[in-house]
Each structure stands twice: as C-alpha cells, then as structure tokens.
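Colleague: Have a look at this one before I ask anything.
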Amino acid sequence: MGKIGLIIQREIVSKLRNKTFIIMTFLAPVLIAGFFAMIIWLSMTDKADQNILVIDETSFFQDKLAGNEYITFTFSNKKLDEALTGFYKSDNTCILYIPSNLVSGAGGASKIFYKKAPGFAVQTDIKNQIEKVLYEHKLKANNIDPTIIHNAKQTVRLITEKVNEEGEHAQQLTGFASIFGFLSGALMFIFIIMYGMMVFRSVMEEKTNRIVEIIVSSVKPFQLMLGKILGIAVLGICQFIVMGIITTILTTILSTTLLKDVKQDLMKFQQQQQEVFKNGTNADLEKFDKMQDKLETFEILQQVQNLDFIEIAICFLLYFIGGYLFFSSILAAIGSAVDAESDAQQFMMPVMLPLMAGYFIAAKMMTNPEGSLAFWGSIIPFTSPIVMMARLPFGVPFWQIALSVTLLYVSFIGATWLAGKIYRTGILMYGKKVTWKELSKWVFYK
Amino acid sequence: MQIMESILEIRNVTKKYSNHIALNEVSLNVPRQSVYGLLGPNGAGKTSLIRIINQITAPDTGEIFLNGEKLNPQHVDLIGYLPEERGLYKKMPVGEQALYLAQLKGLKKAEAKKRLLYWFEKFEMQTWWNKKIEELSKGMQQKVQFIVTVLHEPSLLILDEPFSGFDPINAQLIRNEILELRKKGSTVIFSTHNMGSVEELCDHIALINRSKKILDGSVRDIRNTHRSNTFKITFKGHMLGFTNALWTSAELLDKGKEEEDVHWALIKIAPNTKSSQLLQAILPVCEIVSFNEVIPSMNDIFISNVNSENGVLGTQSNFTE
C-alpha cells in the first residue's frame, strides 16, 4: 500500500496545483446557486413601482383596470401622439395604449410604450386584466351572467398516489421529481465523464512524457493504474463534498431570504388545511386567506421538503464511485493504448455510447418513470449510475438498488482487471496504431 | 566457467508476443561488480530482456535469479533502471519529482532528500530544485534522470542505451560515474550498439541477435578467440621480394603502397605458427617499418557474428586496425 499511497498523493497534489481545478470547485456551486436564485427571482413579481398612463380610445376600461401596491393606472383623455411627446419628461413609467378597435374587433393589439422595460409579471398582469374585462363584457353582451360561468368553473388538483404490496399508499412526486431526477442523472453523467477523462489524460501524460517506464520499474503497472484511479477518486469525492457543502449553504441562505414569504404562506395554508380536516364543512372558510393561485408553488415546495436528500446524496456518492471506477479503468486502458488524444476516437465511442444512452434514458424517464427501459437501465452497470439517479426520486425498492450497486461494483472489479492487462502492455507501446484486435491480444500476454 | 560470483543469472528465458519471439532460450551470467554490455542490433530483444529483469513484464518460460534468489517484487528496490525511452513529468518541480521517484524505490523521504542534495551539489545544479522540468535543457534533464536512477544506490544498475541523446560532456560525466559506481560495488548492465563505449567500459559482453544469444564472455576472452593470426607489416623494399620470401602457410590477404618505396601487406599465418617465424622469413628481404597484429575490434566481432548468424558472409575485410 505504501507505493500506491505515494502515487495517490502525487496525483492529488499535481491536480491541486492546477488553479483552474481549485477555481472550478468554488465557482461551480456559486454558479448553481446563482442559477437557482435567478429562476426564483425571475418567477417572483418585480416590485419596481409602475405608474402607467392609460390612453383608452374605447373609454371602456375606465375604472376596470385594478392597480395594486406597486402598479397604478392613470387614465387620460390625451391623444396618443400628445401623450408620447410629453412622456419622457413625465413621471409615468409606461403608456398603455388601447386602440378603439380592441373591443369591437375579433382581434387587435394593445401596446405598451416604456422608458425602462416593465417586468414580465407586470406585462402578464396587464394582459390578463384586459382579457378578463373583454371576456366578461362579451358574456354580458350575450346575456350571460359572468358569475354563472365563474361558479361553473372549478379547479381540480390531480393527486397521484402509489400503492405498495401492503396496500399503503402515498403521494408520489411527479413533476418536480422528474426534473430533479433528470438533473441528478445529468450531474452524474458530467461527473463520471469529467473524472474519467482526468484519469485518461493523466495516463496519457505519463506515457507521452516517457516517464512511465521509470515508474513501472519501481511499482507494478497495475499499482500505478490503481493509484491513479484512486487518487483522482479521492479528489473527486472531496471536490463533490466541498461543492455540496457550499451549494447547500448558498441555497439555504438564498431560500430563507427569497422564499420567506412563500414559506410563511405555506405554513398558514397547512394550518388551514388541518382545520378543514378537523372541523369539516363547519370551518369558517370566510376567515381563510385565498391561496388558489399559490397552490402549485406549495406543491413544489412540499415535494422538495418530502425528498430524502440524505438517501439521494448517499446513493449519488455510491453510484459516482462505482460508475467512476468502472468507466475510468476502461479509460485508463484506452489512454495507455494510444500515443495521442486524437488516436483515441475509435476507442472513446464505445465507452461514451452507454453513458449517452444512460443520459437519454434519464431524459425519457421524465415522461415515463416506470417503464421497463428505466428498470433495466438502472440495473445494467453501463447505464445504471445515471438512470438510477433519475429513478431515485420516484422511490425505488431497496432490492433493486442493492442489486444494481452490487452489479456495478462487480463489473468495476472485472473492468479494472481487464484494464490492468491492457494498461501494462499499452504504456510501453509506442508508435503503433492499435486496433481492438490488438488490444484483445494484450489481455493474454504474460 | 564463471570465476567471479554472478549477481544476475538468467536461465533459458523465452518471451513470445503474438506475432514474434522476442527472446528465445536466452541464458546469461552477469558477474558481480562488472560492467556488462548487452549488445545487439535494433529489435534483437535487448529491451525485452531488460524489462523482464526489471519485472515490468514476465517471461513465458525460464528463470531469473538475483543474488541467488529467484526474482521477486522485493528486488525492484535493488535495481536502478534508466530506460531508453526516458522522460520526466514536465510540470512537476525537479526536486519534488526526484523525491517522489526515490520514494517509489523505497527510500525514506529524509534520506532521499539528503542524497539528492549531495548529487545536486556534485553536478552543480542546486538552483534547479524548484524549477519545472520543461524549463530545463535536454542535457540538464538527462542529468536529473541519471541521478534519479542511481539515488537509491542500486546494486544492479541497468542502463538502456545510456549514451543515446547525451552530449559529449554529459556522456563523459556518466561514463565516469559508471566506473565510480562499479568501484563502490555496483554492477552495471548496459545495452548499446555504440561499440566504442563497449571497449572503453565493459568487462563482459553478451551479443544478442534475432532473439538469441550468440556470444558472451569477458571482452578479453572474446577478442582472443576472435584473433585470426593476421599481421600488418609496413616495410621498405620491393613487394616482389617480400612476397617471394613468404612460405606457403602464410597467406597474403592484401597489399598496398604507402609512399615511394614504402609498402604494406596484410598477412595471415597458420594457427600453429608463430609471428617470430614470419619475421624471420621476411627480415632478410626488407627493412621493417612496423609490425602489428591485427586484433579485431568489438565492432568487427559484432558485425561478423551478426552477419554470419544472418547468413551474410563475414569477410575478412571487415577487420581493420
């Protein structure tokens, strides 16, 4: 172990000396957290005050557009041209122009003129309001009471629950789970390729630098290969943990600040639900806050809270280690067999294909999480690290995880053994275009 | 047959690859504290044999003994190996790299550092410690490689084509170090096709051709057995008188004119005759300027042996003074 220890140590130190590696370790979580923050931020209404001047040629919308705490509508009788001339110096932020043909016509467009672009939420709000006014107007024109239509409409939530052998049933995560599953599968895909390629390059570096023969006169080629693979594995696990911790901290900070209101609403909503559950129809519904429009957000939040992050993290590590060891030993063998990275193409293809297949199965699972493709994909070692990660949020029986992990680790041992055979011949072979046939012969050399 | 105790014994080693035989029943004895030359044309199997001794590959059949013990993984620490294809990590600092390689050979870090400092001082390269290899010239890199090879004071030093790529100054430096190391008790095996270095350095040689050993022994013995009783005589006088004076068992191989009145002749005499008999025969007819026995150089022996193995006629004209 002493000599393997030295090799592991050198591998780690030489990678840590690489500044891009260090920067990436800290930058990636910031980027991930920043990405999430941006999505949350964008999805929230922007709170910039909007003072909107409405030029309503139909005179129909007067008092029908409702402002809120940061949108105010001011109606004006000016002509559009007139309003536009004075607009830049006025304290209005936008002009909403409603042309005369909007009410009568079957089509037609309303326009917003702005100095600074209004947020997406503002635009949606205005569009919805105009549409609603027109909708109700047209119902009335046909002698239909809008309240009848309104009362006739009922939103229905479709809840899916999975039943197990004992007849227990629980709500499964669908929408969010499929996205989360796919993302963790994709992350696994990236991690395996990234670290696998690191092994590949490290092997090739030693070969092309011609130091490898000096080293294998001190240690067995297999020890060198194993030390390399393990060294980069240690590095990968450390990087994963560091990145995980930073991401967790950042997202916790962000979610507590950005999602504070939503979380409070959710708690209130849960309390109200319990009250309804306890008192039945006697509950004083009038006192309740109306939260119809927030139901979807609540659902996602609840799903996030229901996810077993610890199980997922453990599985991620387990599958990353297994998948990485499996693929990196194959890549080490390839790296040893070629003289230049460009020669490696023909060998890379068969290695990348199963990984890509895993990725596509994971993508397909967003629509069909329980198909036989998903099952076999998560059991067969070539694709299992990626596909199983995508399956995990849907709930996977323990025996399947156990079987898949066992198969993965058994094939890792097989792959490493085979790779070791190719590696020790390959690293000393220069100036020869290697074929698959040639590789298979190396396996049997003494 | 070996008088000296041998440090390395190779018995009937055969190594086959899928489409050719690299070594065919090769047996060698390397005497302790000798400089042993492993000679042979390119592709003869020298590097294959060296890799087997270094346990980088294993023989298909045959056995190898180091210090009388069957070759085993512990032995790698006793061997220092400078491969023909040699290089170092380009991005790694010199000192750190040398420490790493020394530790792989089983040296403790502190001890390795102490010895490195000694060698760095000896080769006047103290300032290189923190430099990256890619910042060094090729000659400088070669010095580092040599130090790394000998740092753990191996009892068996194996150098594969050590002088290829070395500039004359470094080559001389290495040559001196090889002799120095032998004096201290190391045994040096080196493979080469540079015959000049063989005669200068080696006590023993083995000649390998087409995966077979075709010749081995001490350099002196080999040269003696390759003597062909040929003499080169330079004389003043008439060539006709000179040739007439030769008796029947002396054969005139070649002749020529050096300057006006001075001629030379290449004479081969029968194995049971003495050079003094030849002298007595020609003394009366000419004035002798010089009289030398033509001793074959290692180069000649190498070429004639390889050629006769390969079925090419080894001609006498290959022998030069």
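Computed from the coordinates by the stated procedures, all read-outs in this text should not be read as laboratory data. Predicted model, so just to flag it, every value in this text is computed and none were measured. When we count neighbours, we look across all protein chains shown, and the Cβ atoms used for this are built from the backbone with ideal geometry, even at glycine.
Colleague: With Rg and the Kirkwood Rh both taken from Cα atoms, where does Rg over Rh land for the protein assembly as shown?
Modeller: Numbers: Rg = 43.0 Å, Rh = 34.4 Å.
Expressed as Rg/Rh, it is 1.25.
Colleague: Let me ask something additional. Under the Kirkwood approximation applied to all pairs of distinct alpha-carbon atoms, what is the hydrodynamic radius of region A:60-118 in Å?
Modeller: 12.8 Å
Colleague: Please work out the Kirkwood hydrodynamic radius for chain B, using every pair of different C-alpha atoms, and report it in angstroms with one decimal place.
Modeller: On the way: mean 1/r = 0.0445 Å⁻¹.
Value: 22.5 Å, from the Cα pair sum.
Colleague: Another question, then. Mind checking the dipole of the protein assembly as shown: about its Cα centre, +1 per Lys or Arg Cβ, -1 per Asp or Glu Cβ, Debye to the nearest 20?
Modeller: Numbers: 78 positive and 74 negative charges, 151 e Å.
The dipole of the protein assembly as shown has a size of about 720 debye.
Colleague: What is the angle, in °, between the Cα long axis of helix B:138-150 and the longest principal axis of the Cα atoms in chain B? Nearest 10 is fine, range 0 to 90.
Modeller: The helix B:138-150 is inclined about 80 degrees to chain B.
Colleague: In whole Å, what is the distance between the alpha-carbon centres of region B:5-41 and region A:199-271?
Modeller: One Cα centre to the other: 48 Å.
Colleague: Report, in listed order, any pair from B:Lys105/B:Lys143; B:Lys183/B:Lys212; B:Lys113/B:Lys183; A:Lys220/B:Lys184; A:Lys162/A:Lys260 with a Cα-Cα distance greater than 20 Å.
Modeller: B:Lys183/B:Lys212; B:Lys113/B:Lys183; A:Lys220/B:Lys184; A:Lys162/A:Lys260
Colleague: Let me ask something else about it. Among B:Leu151, B:Ile267, B:Val306, pick out the residue whose Cα is farthest towards the positive end of the charge dipole of the protein assembly as shown, where Lys and Arg carry +1 and Asp and Glu carry -1 on C-beta, about the Cα centre.
Modeller: Farthest towards the positive pole: B:Ile267.
Colleague: Taking every residue in B:83-90, how many Cβ atoms of other protein chains lie within 10 Å of its Cβ, on average?
Modeller: Numbers: counts 8, 2, 8, 5, 9, 4, 7, 4.
For this peptide, the per-residue mean of nearby foreign Cβ atoms is 6.
Colleague: Now for a separate question. So how tilted is helix B:109-122 from the main axis of chain B? Cα-based, degrees 0 to 90, rounded to 10.
Modeller: The angle comes out at about 40 degrees.
Colleague: From the Cα trace of region B:211-320, what convex hull volume per residue do you get, rounded to a whole Å³? Walk me through the intermediate numbers first.
Modeller: Details: hull volume 12.6 nm³, N = 110.
It comes to 115 Å³ per residue, whole-number rounded.
Colleague: Can you work out the FRET efficiency for the pair B:Met239 and A:Arg210, with r the C-beta to C-beta distance and R0 = 45 Å, to the nearest 0.05? Write down the numbers at each step before the final one.
Modeller: Details: r = 58 Å, r/R0 = 1.29.
FRET efficiency, B:Met239 to A:Arg210: 0.20.
Colleague: To make sure I understand, if each residue's beta carbon is the centre and we count other beta carbons within 10 Å, what order do A:Thr252, B:Thr234 fall in, fewest to most?
Modeller: Values: A:Thr252 11, B:Thr234 16.
Sorted ascending by nearby Cβ count, the order is A:Thr252, B:Thr234.
Colleague: Oh, and also: Rank A:Ser184, A:Ser384, A:Ser110 by mean-square fluctuation in a GNM of chain A with C-alpha springs under 10 angstrom and give only the top-ranked residue.
Modeller: Highest fluctuation of the listed residues: A:Ser110.
Colleague: What's the angle, to the nearest 10 degrees (0 to 90), between helix B:168-183's Cα axis and the longest principal axis of chain B?
Modeller: It is inclined by approximately 80 degrees.
Colleague: Report the convex hull volume per residue for region B:54-194, counting only C-alpha atoms, in Å³. The partial results should precede the final answer.
Modeller: Details: hull volume 17.4 nm³, N = 141.
Cα-based convex hull of region B:54-194, divided per residue, equals 124 Å³.
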